[in-house]
Amino acid sequence: MESASSLLSQITRMAGIVMVPRQEQTAVRQIEFLQLSANRVLAILVTRDGGVHNRVIVTDRQYSPAELVEAANYFNDAYTGHPLAEVKQALLAAMQQDTDAMQNAMRTAMAMARHMFTSPEESEPGLLVSGESNLLEMPELGDMRKLRLLFDTFNTKRDLLHLLDQCLRSNGVQIFIGEESGYQALEECSVVAAPYQVDGRIVGMLGVVGPTRMPYEHVISIVDVTARLLGGALSTERS
């Protein structure tokens, strides 16, 4: 994804942006629970896209190593290959059942996973940006006040993420010219974005930010091809 962002920037001589897939869209590969101390357990979640997420869990009681292995085995048998969002929903539904009727392994797995998946620290999708300095060389964007506002947008990434997030519901290349983006910082810019897919499912967006008088036909082709290449590379990596 970093290579795709850099490639977009180098070819177009503008700013390349790539939205990192949301964690909820990735599928579970494996989970492990390792005892650290009496009431502290390290949960290690590995996702199909190669991500590794660690979290220290403070439990209500001490679990034996055998219980933790049994719980991890139950969880992996039940949820391997399922998207994280689906796993969260399944866990919430399971926790609403009568816990006394649950098997011990299932009850332990639910206790561990509840902390892993219902933490208040929700994972935000990231944004990779390359080549912002290219925009300094463009006379159309010579207003320093507007440039400062634009670079603040690159730094915070919130507005760009929100714009790309809206594009996730659409297929094909999306173009926002000037005020069409809905953000003041992008009023003098255009954004050309396209979704990339992994195994036929849209997981993120990538694109280019540049002046409104950019060569659209050329940029659209580059963005579209890069999205296809990135999706193909990620699908191959998963297989």
Please determine whether any residue of segment 64-71 is under 18 Å from VAL46 (Cβ atoms), at pLDDT 60 or above, out of contact with any helix residue (DSSP H, G or I) (no Cβ under 6 Å at 6 or more places or on another chain) and part of a helix (DSSP H, G or I).
yes
In this structure, is ILE11 of a type outside the set (Asp, Glu) and either farther than 30 Å from GLY200 by Cβ or not in a helix (DSSP H, G or I) (or both)?
no
Scan segment 82-90 and tell me whether some residue there is part of a loop (DSSP other than H, G, I, E, B), modelled with pLDDT under 85 and open to solvent by less than 40 Å² (accessible area, probe 1.4 Å).
no
So which of LEU128, LEU135, LEU161, LEU149 is out of contact with any Cys (no Cβ under 7 Å at 6 or more places or on another chain), of a type in the set (A, V, I, L, M) and under 16 Å from ARG213 (Cβ atoms)?
LEU135
Total residues in segment 215-239, condition among the hydrophobic types (A, V, I, L, M, F, W, C), open to solvent by 10 Å² or more (accessible area, probe 1.4 Å) and either in contact (Cβ under 8 Å) with a residue 60 or more places away in the chain or not in a helix (DSSP H, G or I) (or both)
4
What are the residues in segment 153-170 that are among the hydrophobic types (A, V, I, L, M, F, W, C) and part of a helix (DSSP H, G or I), if any?
PHE154, LEU160, LEU161, LEU163, LEU164, CYS167
Filtered residues of segment 182-214 (kept if among the small types (Gly, Ala, Ser) and surrounded by 22 or more Cβ atoms within 10 Å (Cβ to Cβ)):
SER190, ALA193, ALA194, GLY204, GLY207, GLY210
Residue set LYS157, LYS146; condition of a type in the set (D, E, K, R) and either modelled with pLDDT of 80 or more or under 19 Å from SER6 (Cβ atoms) (or both); output residue LYS157
Tally time: how many residues in segment 158-167 are closer than 20 Å to ASP224 by Cβ and either in contact with a Ser or Thr (Cβ under 7 Å, 6 or more places away or on another chain) or crowded, with 17+ Cβ neighbours inside 10 Å (or both)?
4
Considering every residue within segment 188-204, establish whether at least one is in a loop (DSSP other than H, G, I, E, B), modelled with pLDDT of 85 or more, touching a strand residue (DSSP E or B) at 6+ places or on another chain (Cβ under 9 Å) and farther than 19 Å from ALA227 by Cβ.
yes
Of all the residues that make up segment 23-55, how many are open to solvent by 70 Å² or more (accessible area, probe 1.4 Å) and modelled with pLDDT under 85?
4
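The values are calculated or read from the model by the stated rules, or taken from the named source; none is laboratory data. In this text, all values refer to a predicted model and were calculated from it rather than measured experimentally. Every residue, glycine as well, gets a Cβ built from its backbone with ideal geometry; the counts of neighbours run over all protein chains shown. What goes into the accessible areas is simple: the full protein's heavy atoms, side chains included, and nothing from ligands, DNA or RNA. Shrake-Rupley method; radii C 1.70, N 1.55, O 1.52, S 1.80 Å.
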